[in-house]
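Heads up, the thing below is written out as structure tokens.
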Amino acid sequence: MGQGPAASTGGPDPLLVSAAAMVFVEDPAVPVLTPGDAHHLLDVLRLRIGELVVASDGAGSWVPCRLSASSAGQGSRGIELGAVLEADGDLVSQAKLRPEITVAFAPTKGDWPEWVAQKLTELGVDRIVPIRSARSVVRWDGERGERAVERLRRVAREAAAQCRRAWLPEVAPVTPLDGLASLVGDLPVLARPGGGPPSLAHPVVAVGPEGGWDDEELACFGVGVGLGPTVLRAETAAVAAATVLCGIRGGVVGALA
């Protein structure tokens, strides 16, 4: 099977847009579904024979597939997972956009962290990092933190399939604010009122908890970046930072001076 050209960064490939669904597999050239994905395609979406489904490895490669005659209409129970999809085109290799954008955020109460992970994925953020800061109210420690991060990864995977992302975002383990630079290999800037404009010169932005940053954190990380004239909820601030940075990178909005 040949390899096609890298997809354009000007927008999603028309095949991705027109597909009935997208799934993530180990090898797009030989698309073997997980039981969960087979259930989603056959029992939830009830796709018909020949419908277009994109299979991606989550690392930039994907291939158009068709629902096989041997699987459609039978449901997922007892189906051979490797027989559901048949490759129907060349393997496409999609280049990763640069620079990589990281949004780190202090988790808040309730289901908001999952909402944040979903929206950051849809917007195109490359790395999502839950962080601990001095004023964090929600503490994701130990097994609780591991379970929470796994939830975020599931949400990000589902969101990536929904919005047709060929690159899955990395969802990092819970990281202390002072360990963020070591994790991502770049100095973060803090989102804070009165900060400078967001810029791709600083593609790693950290959003604090509802109580904001403490004086020591502010002193360590400099002026930071501002996200507008109003005080935003923590969840809104994370999405606002991603919207601006990904918009600049994608050419949707002009670079801020």
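The values are calculated or read from the model by the stated rules, or taken from the named source; none is laboratory data. As the structure is a prediction and not an experimental result, all values here were calculated from the model. Neighbour counts are summed over all protein chains in view; Cβ atoms, including those assigned to glycine, are modelled from backbone coordinates with ideal geometry.
Which of the residues belonging to the stretch 164-193 are touching a Ser or Thr at 6+ places or on another chain (Cβ under 7 Å) and surrounded by fewer than 20 Cβ atoms within 10 Å (Cβ to Cβ)?
Residue satisfying the conditions is LEU183 alone.
Could you check the stretch 214-252 and list, in sequence order, the residues that are more than 24 Å from ASP111 (Cβ to Cβ) and in contact with a strand residue (DSSP E or B) (Cβ under 8 Å, 6 or more places away or on another chain)?
Scanning the stretch 214-252 gives GLU217, LEU218, PHE221, GLY222, VAL223, GLY224, VAL225, GLY226, LEU245.
Do the conditions hold for TRP213, that is, is it in contact with a Lys or Arg (Cβ under 9 Å, 6 or more places away or on another chain), within 21 Å of GLU150 (Cα to Cα) and among the aromatic types (Phe, Trp, Tyr)?
On the way: in contact with a Lys or Arg (Cβ under 9 Å, 6 or more places away or on another chain): yes; within 21 Å of GLU150 (Cα to Cα): no; among the aromatic types (Phe, Trp, Tyr): yes.
So TRP213 fails the test.
Residues being among the small types (Gly, Ala, Ser) and over 21 Å from the mean Cα position of the chain (by Cα): count how many of those fall in the stretch 218-238. Don't jump to the end; show me each part of the working.
So in the stretch 218-238, the residues among the small types (Gly, Ala, Ser) come out as 219, 222, 224, 226, 228, 234, 237-238.
After this cut, where a residue has to be over 21 Å from the mean Cα position of the chain (by Cα) as well, the list is 219, 222, 224, 226, 228.
So the answer is 5.
Those residues that are under 20 Å from VAL184 (Cβ atoms), modelled with pLDDT under 90 and not aromatic (Phe, Trp, Tyr), I need them from the stretch 219-244; list them, please.
Correct list: CYS220, GLY222, VAL223.
Which numbered condition trips up VAL32, out of (1) under 29 Å from GLY251 (Cβ atoms); (2) at pLDDT 85 or above?
(1)
Take the residues in the stretch 163-188 that are over 17 Å from the mean Cα position of the chain (by Cα) and among the aliphatic types (A, V, I, L, M), then tell me which one is farthest from ASP13 (Cα to Cα). So that I can check it myself, show each step before the final result.
Filtering the stretch 163-188 for residues over 17 Å from the mean Cα position of the chain (by Cα) gives 175-183, 185-188.
Filter once more, keeping what is among the aliphatic types (A, V, I, L, M): 177, 180-181, 183, 187.
Details: LEU177: 37, LEU180: 34, ALA181: 34, LEU183: 32, LEU187: 33 Å.
Applying the filter and picking the extreme gives LEU177.
Could you grab me the full set of residues in the stretch 21-64 that are free of Cβ contacts under 8 Å to residues at least 40 places away in the same chain and either closer than 28 Å to ARG127 by Cα or among the basic types (Lys, Arg) (or both)?
Scanning the stretch 21-64 gives VAL25, GLU26, ASP27, GLY36, ASP37, HIS40, ARG46, ARG48, VAL53, ALA55, ASP57.
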